[in-house]
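Here is the structure we will look at.
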Amino acid sequence: MVISLWEISELSSSTVVPSYPCARVSLPSWGLLAHSLSTDRSTLYIAVTQLQRARIYTISLDSNLPNANEYRLSFNLIADFDMRMRDAIKCIDPESSLVLLYCTARSVDIMNWHTNARSTVTINDSGKRWNGVTALRFCGPYFLCFRINSLEAYPLPAGFSVSGSSRPDSLPILLHRFPNMTYRRVSLSDVRSRHHPSGEIYTVFFLVNDVFRGVLHYQVDVKISPVPSISVKLLALQRVLNQPPFFYTGVRPPFVSTWALGSVGLRGVWVSRQANDIDRKVIAFTTHPSKLRSTAQLSWDGTSKQQPAEPVPDINGKIILAITSYDLREDATIFAISESTGRIALGSRAGNISLI
């Protein structure tokens with residue numbers, strides 16, 4: 001694996017990346033697991049793994065830009081530790097030196113990479129059907145556990161706290177179920193906090209795709225006081241097109257192959273494609289906060305078969321790029337979104353990068 005850092009501020013109208021990166025590190029046989037910016041956005045933290053071993057690297061973003069053919073920014077190794085299984089790190093918190101590790105189907109570990117202190121949290125197991133973990137995220141005194149059919153918030157163990165958060169002596173586990181939908185992957189925004197007269201509120205947005213419902217854009221609010229609670233609101237969705245069944249027409253409906261949400265959580269992108277078709281459509285959208293409906297109007301969260309009198313608004317997606325991929329090599333497999341500039345970095349299966 002090779003990790004490169006590119007500077008693109010001078011390429012506001014270009015669709016190509018610079019010819020030379022600001023920094024690069026080669027890590028043969030290692031794989032990228034997670035990354036995060038520090039609160040002041042001056043340092044990038046990167047977690048990588050190799051079998052049952054993990055490393056944390058940092059790179060300072062405050063240095064001057066490099067000269068031609070010279071790396072002026074460097075990756076620095078700050079932690080090296082053992083894990084119980086490969087691909088375990090799901091989230092890192094730079095300020096607190098904490099990582100969330102999904103170790104087994106029934107447990108999540110919280111670890112401090114400086115002290116090696118570690119604690120295991122047992123996650124709920126309904127026993128009815130598999131409800132695997134798709135993502136983990138620190139959220140104040142909780143960590144959020146995104147699963148295939150539910151969203152759960154677990155209190156951080158004693159002695160493990162995220163920088164800037166406070167907590168009561170005792171916190172309950174919070175739960176929200178999605179009984180009528182299934183999602184295998186979730187794209188998350190950063191978690192942000194805001195002050196409220198009754199206490200702190202933590203908010204995160206996420207984007208998922210359900211093969212029967214379409215692309216769904218959610219907002220999650222976690223309140224700590226006076227009574228801890230979790231609220232999940234469906235902001236907008238891109239519905240699956242109503243088409244005659246395949247055995248009548250011989251034409252399969254389009255499907256979503258990949259999707260991503262920006263760090264703020266209000267801009268996103270997905271790729272729509274048709275089976276046995278070489279053309280793909282890159283679709284981008286923006287959710288305007290001023291147009292979001294009230295909590296009462298957001299009563300339908302995708303879990304009920306009966307929709308509210310006023311339907312959930314459609315995601316106003318626009319086609320921004322058409323891709324032709326004859327052998328799947330040019331398929332877009334990963335995105336990075338800058339919500340402040342509207343720029344989108346697109347990575348293909350062949351390893352090429354382009355800017356939109």
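The values are calculated or read from the model by the stated rules, or taken from the named source; none is laboratory data. Just so you know, these numbers come straight off a predicted model, no measurement behind them. Cβ placement follows ideal geometry from the backbone for every residue including glycine, while neighbour counts extend to all protein chains displayed.
For every residue, the table says whether it meets (1) more than 29 Å from S193 (Cβ to Cβ); (2) surrounded by 13 or more Cβ atoms within 10 Å (Cβ to Cβ); (3) at pLDDT 90 or above.
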{"site": "S231", "(1), (2), (3)": "no, yes, yes"}
{"site": "Y248", "(1), (2), (3)": "yes, no, no"}
{"site": "V282", "(1), (2), (3)": "yes, yes, yes"}
{"site": "T286", "(1), (2), (3)": "no, yes, yes"}
{"site": "Q306", "(1), (2), (3)": "yes, no, no"}
{"site": "D331", "(1), (2), (3)": "yes, yes, no"}
Legend entry - Filtered residues of segment 342-356 (kept if assigned to a loop (DSSP other than H, G, I, E, B), among the aliphatic types (A, V, I, L, M) and within 18 Å of T286 (Cα to Cα)): I356
Legend entry - Test: residue in segment 188-200 that is of a type in the set (S, T, N, Q) and modelled with pLDDT of 85 or more: yes
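Only residues that are among the charged types (D, E, K, R), part of a loop (DSSP other than H, G, I, E, B) and surrounded by fewer than 16 Cβ atoms within 10 Å (Cβ to Cβ): list them for segment 185-228, please.
Initially, segment 185-228 is screened for residues among the charged types (D, E, K, R), giving 185, 190, 192, 194, 200, 210, 213, 221, 223.
Filter once more, so that each one left must be part of a loop (DSSP other than H, G, I, E, B): 185, 190, 213.
Once the filter is applied, which keeps residues that are among the charged types (D, E, K, R), part of a loop (DSSP other than H, G, I, E, B) and surrounded by fewer than 16 Cβ atoms within 10 Å (Cβ to Cβ), segment 185-228 yields R185, D190.
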Legend entry - Residues satisfying the stated conditions in segment 311-341, i.e. of a type outside the set (D, E, K, R) and assigned to a strand (DSSP E or B): I319, I320, L321, A322, I323, T324, A332, T333, I334, F335, A336, I337
Legend entry - Odd one out for T295 among (1) polar (S, T, N, Q); (2) at pLDDT 80 or above; (3) under 25 Å from C139 (Cα atoms): (2)
Legend entry - strands (runs of 3 or more DSSP E) completely within segment 139-184 that count 3 or more residues being at pLDDT below 80 and in contact with a strand residue (DSSP E or B) (Cβ under 9 Å, 6 or more places away or on another chain): none
Legend entry - Scope segment 254-275; condition among the small types (G, A, S) and more than 11 Å from F335 (Cβ to Cβ); matching residues: S257, S263, G265, S272, A275
